[in-house]
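Before any comments, here is the structure.
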Amino acid sequence: MATIKPLPELLINQIAAGEVVERPASALKEIIENSIDADATRIAVQLLQGGIKQMRIADNGVGIAKDELMAALTRHSTSKISTLEDLQNITSLGFRGEALASISAISTLTLTSQKADQIHAWQVQVDGRSIKQPQPASLTKGTVVDACDLYSNIPARRKFLKTEATEYAHCEEVVKRMALVRPDIEFSLHHNGKLRYQFRVADILQRIESVLGDEFVQSVSSIDERAADIHIHGVVALPAYSRASRDKQYFFVNNRFVRDKLISHAIREAYRDVLHLDRYPSFVLFLEINPADVDVNVHPTKTEIRFRDPRALHQFIFHSINKSLSASSREVQAGLTDTIITKSIPHYPKHHSINKEKIAQSTGFYQSLLGAADKDFNISGADIGTETSLKRETPELASITNEKQNFPPLGFALGQLHGVYILAQNNNGLIIVDMHAAHERIMYEKLKTAMDGHAWASQPLLIPVTFETDRTDVVFVEENLGVFEQIGFELAVLSPTTLAVRAVPAILQKADVVKLIHDLLGEMRDYGASQVLTAKRNEILATMACHGAVRANRVLTIAEMNALLREMEGTERADQCNHGRPTWFEMSMTGLDKMFMRGK
């Protein structure tokens, strides 16, 4: 057996590099973090062949003194921590003191730096094996790190790198993350001699727009919540802007980009009621927390972290995002360029959040238009389709055009399109509503409120509905009659293969009872009866809401359409259905004029 002996310094550095420098993007991240810690206000990145051939990062930070250049390339050498207390209160991005040493062990590295109090700059070169003595160099201010031929001295590791395009994409993502978290710093990115990005100093919303695009910014709701020593702020995209991948998810803790399961779960839960399961939310969020309450020293890459009180943090993040998504009174400048309008048309519909603050006065105006005889008009979604509502009609639109400044947010109905969409007029132009999706959200929120308040109102059926089903369904019902009662159903077993429905939740009295029960039985058997009122309750309620919502191809009167519009304005999360689809869009008069080339 070989004797135990210390590893050579070069091998130690190469092993460390395997942890810290997984690919060019990993090295780029470490170097940019050092530039940020050095108080740089301008960081320029130049890459060749995706950073594999060369990466050159220049900043205008405070620089490194001549007699510290050699130490900067030595493992575990740093100016950012010196005691255990420092390690427990990390405020800088880089602190391990391994980045430059690890990068220099797997590349040919040149480090050039100029401090303000030095006559000229100094430069140190490392070829992977030896460090040369500092030499005078030319540089105005700051530091330049030039790393060439990554993994050239470790061919076995280099073969695991991907294509140039893939490695560049990872490097680009690093620059975007850094640009998002520090809008006060100017970033530029060149690849193979071409300028790819130039992010000027800007406010946070402008920086988000320059990084993620105008469409993203026009589809977000802002967050700014505090609790004790925790502060979360940033933007979350409306569910209608959902993605097929996680490509636009940015979460920063104390200015450090992280991927954390706890945080991801909290965000996902906040979107659960408004996002389809195979879609992903988009967001740019910044969490500020006492450094003593978070451990960023869990992994060499520092993207995994640990929190002192994970449960409290989970609830804080969940409620903050849920509040933002639920606040239908928040005005959002939305501009979703959706495929609802063909690409040949030069204008697209806009999707906004409903401004609840204007609803009270507009509803009063609405009632005054209906006249004294209509004061008893009930605009409850449960009454859509009743004989009373069928006899009520909205006044002529001509009479309300002169008072358009008092239009409700979703306006007044004009008519129905192919039995699927409601067309309405508001102050800005045309509103298009998916009537089934909108009513489904209304029903869902009412069902949740009823369950939360233990206020289920059952409606006995004049003639019980009986139907044949298989024996397993009958046995399941017989064993769980109490669960069905808790959600407003009264069922009875008539035979080993026959069930009777004697009462249903009042809000679902117009649903197809047999199909509703069949669907509920299928889900409840899959989830287990014990989950119906707990973990899977929202899924069950969503199924019930879908059955209770007004169906497509059903003709509605103008009064029924307006009743639905008013219900939407008073319902939380009414901008999306239970599956995350938008329930309505707006086309402004300006956009319509452009479409028809008026004024040209």
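The values are calculated or read from the model by the stated rules, or taken from the named source; none is laboratory data. The model shown is predicted, which means the values in this text are computed figures rather than measured ones. Here the Cβ positions follow ideal geometry from the backbone for every residue, glycine too, while neighbour counts run over all protein chains shown.
Close Cβ contacts (under 7 Å, 6 or more residues apart or on different chains) running from residues in region 468-497 that are of a type in the set (Lys, Arg) to residues that are surrounded by fewer than 14 Cβ atoms within 10 Å (Cβ to Cβ) comprise ARG471/PRO496; ARG471/THR497.
The sole residue among VAL433, VAL477 that is surrounded by 14 or more Cβ atoms within 10 Å (Cβ to Cβ) and assigned by TED's automatic domain parsing to the domain that holds LEU565 is VAL433. Of the residues that make up region 182-204, is at least one under 16 Å from the mean Cα position of the chain (by Cα) and not small (Gly, Ala, Ser)? No, there is no match, as no residue in region 182-204 is under 16 Å from the mean Cα position of the chain (by Cα) and not small (Gly, Ala, Ser). Out of the residues in region 1-36 that are within 25 Å of ALA58 (Cα to Cα) and in a loop (DSSP other than H, G, I, E, B), which is modelled with the highest pLDDT? Among those residues, the one meeting the criterion is ARG23.
Reported count of residues in region 493-531, each being β-branched (Val, Ile, Thr) and either assigned to a helix (DSSP H, G or I) or under 38 Å from the mean Cα position of the chain (by Cα) (or both), is 5.
Please work out which residue is nearest to ILE289 (Cα to Cα), limiting yourself to region 223-233 and to residues that are assigned to a strand (DSSP E or B) and out of contact with any helix residue (DSSP H, G or I) (no Cβ under 7 Å at 6 or more places or on another chain). Across region 223-233, the extreme among qualifying residues is HIS231. Report yes if LEU150 is surrounded by 13 or more Cβ atoms within 10 Å (Cβ to Cβ) and part of a helix (DSSP H, G or I), otherwise no. For LEU150, the condition - surrounded by 13 or more Cβ atoms within 10 Å (Cβ to Cβ) and part of a helix (DSSP H, G or I) - is not met.
Residue under question is LEU462, and the condition is that it be under 29 Å from GLU567 (Cα atoms) and surrounded by 14 or more Cβ atoms within 10 Å (Cβ to Cβ); does it hold? For LEU462, the condition - under 29 Å from GLU567 (Cα atoms) and surrounded by 14 or more Cβ atoms within 10 Å (Cβ to Cβ) - is not met.
Note on region 427-471: residues that are assigned to a strand (DSSP E or B) and not aromatic (Phe, Trp, Tyr) amount to 16. Being assigned to a loop (DSSP other than H, G, I, E, B) and under 26 Å from LEU150 (Cβ atoms) is a condition met by no residue of region 202-217.
Of the helices (runs of 4 or more DSSP H) that lie entirely inside region 532-600, those containing 2 or more residues that are closer than 18 Å to MET443 by Cβ, under 30 Å from the mean Cα position of the chain (by Cα) and in contact (Cβ under 8 Å) with a residue 40 or more places away in the chain span 537-548, 558-569.
Each row is one residue, and each column tells you yes or no for (1) over 30 Å from LYS53 (Cβ atoms); (2) crowded, with 20+ Cβ neighbours inside 10 Å; (3) assigned by TED's automatic domain parsing to the domain that holds ARG42.
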position	(1), (2), (3)
GLU164	no, no, yes
GLU215	yes, no, no
ASP224	yes, no, no
GLY234	yes, yes, no
PRO239	yes, yes, no
ARG246	no, no, no
VAL253	yes, yes, no
SER264	yes, no, no
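A single entry from SER138, SER188 fulfils the requirement of being without any contact (Cβ under 8 Å) to a residue 24 or more places away in the chain, of a type in the set (Ser, Thr, Tyr), outside the structural domain of ALA237 (by TED's automatic domain parsing) and touching a strand residue (DSSP E or B) at 6+ places or on another chain (Cβ under 7 Å): SER138. Of all the residues in region 406-429, those that are buried (at least 19 other Cβ atoms within 10 Å of the Cβ), over 24 Å from ARG554 (Cα atoms) and within 30 Å of the chain's Cα centre (by Cα) number 2. Being polar (S, T, N, Q) and either assigned to a loop (DSSP other than H, G, I, E, B) or modelled with pLDDT under 95 (or both), is that true of even one residue in region 178-190? Scanning region 178-190, I find no residue that is polar (S, T, N, Q) and either assigned to a loop (DSSP other than H, G, I, E, B) or modelled with pLDDT under 95 (or both), so the answer is no.
Taken over region 530-553, the criterion of being among the charged types (D, E, K, R) and either at pLDDT 85 or above or under 27 Å from LEU481 (Cβ atoms) (or both) is satisfied by LYS536, ARG537, GLU539.
Residue pairs whose Cβ atoms lie under 9 Å apart, sitting 6 or more positions apart in sequence or on different chains, and linking a residue in region 252-266 that is closer than 13 Å to PRO310 by Cβ to a partner that is among the aromatic types (Phe, Trp, Tyr) and in a helix (DSSP H, G or I), are HIS265/PHE318; ALA266/PHE316; ALA266/PHE318. Is it true that ASP293 is more than 22 Å from ASN578 (Cβ to Cβ), free of Cβ contacts under 8 Å to residues at least 40 places away in the same chain and surrounded by fewer than 19 Cβ atoms within 10 Å (Cβ to Cβ)? No; evaluated as a whole, the condition is false for this residue.
Counting the residues of region 296-318 that are surrounded by 15 or more Cβ atoms within 10 Å (Cβ to Cβ) and modelled with pLDDT of 90 or more gives 5. Please verify whether THR140 is surrounded by fewer than 20 Cβ atoms within 10 Å (Cβ to Cβ) and farther than 22 Å from GLU30 by Cβ, treating the condition exactly as stated. Answer is yes for this residue. Given the structure, is VAL236 in a loop (DSSP other than H, G, I, E, B) and touching a residue at least 12 places away in the same chain (Cβ under 8 Å)? Spelling it out, it is not the case that VAL236 is in a loop (DSSP other than H, G, I, E, B) and touching a residue at least 12 places away in the same chain (Cβ under 8 Å). When GLU485, GLU569 are checked against the criterion of being outside the structural domain of GLY415 (by TED's automatic domain parsing), within 23 Å of GLY453 (Cβ to Cβ) and charged (D, E, K, R), a single residue qualifies: GLU485. ARG525 meets all of the listed conditions (1) buried (at least 16 other Cβ atoms within 10 Å of the Cβ); (2) under 13 Å from ASP473 (Cβ atoms) but one, namely (1).
Considering only residues in region 191-213 that are without any contact (Cβ under 8 Å) to a residue 40 or more places away in the chain and buried (at least 21 other Cβ atoms within 10 Å of the Cβ), the one that is farthest from TYR241 (Cα to Cα) turns out to be PHE199.
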